[in-house]
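None of the figures in this text is laboratory data; all of them are computed from the coordinates on show. No experiment lies behind these values; they were computed from the predicted model shown. Because the Cβ atoms are built from the backbone with ideal geometry, glycine has one as well, and the counts that use them run over all protein chains shown.
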């Protein structure tokens, strides 16, 4: 039996024992609708958008992968900082997120077109059903959105589908509030979008 104990901060999500995987804005090409704002921010310093701590559980059937994700405050144009989002390689995989601190939304959609975006704040658990792509979006202007996540160890990640097609909807700020709008680039050919 393999035992794993990894400390992480219950507010910041940080772990001194594990190196995080970091995503700067430049690694999210094509994810944001406002290309001019994206290019200007990358040229102006390429900010850190999010990082996550994969806590090293084997990717085997029967194991449970878990860790923390920290999405920082910021916007590209009117669109909030967010994670890339992904389906699981084993599409029939659900995932649970528990918000440790901050506020935001979890945007979810399945291949058939059903979608929803649910609010998260400290103490809120979000269940992402099987077959749903999901991404965390930080709607705070000042605080990181920190979540704990858990899913089956062999599920894998499919980022490619989202990189190719995007999400059907975007979460943007309008009059100081988060509003869901249709993604004008959804499903467009990445070469012409």
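Odds and ends about this structure:
- If you take the alpha carbon atoms of the stretch 10-92 and fit the smallest convex hull around them, that volume is 128 Å³ per residue.
- Each label was represented as a point 7 Å from its Cα along the Cα-to-Cβ direction; for residue 17 and residue 127 these points are 2.9 nm apart.
- Shape category assigned to the stretch 56-193 from the gyration tensor of Cα positions, a/c cut at 1.5: oblate
- Cβ-derived FRET efficiency at R0 22 Å, residue 164 paired with residue 78, nearest 0.05: 0.40
- Highest-MSF residue in the chain out of 51, 27, 103 [GNM, Cα springs under 10 Å]: 27
- The modelled label-to-label distance between residue 63 and residue 39, using points 7 Å beyond Cα along the C-beta direction, is 4.3 nm.
- Note on residue 96 and residue 143: their simple-model spin labels are 2.3 nm apart, each label 7 Å out from Cα toward Cβ.
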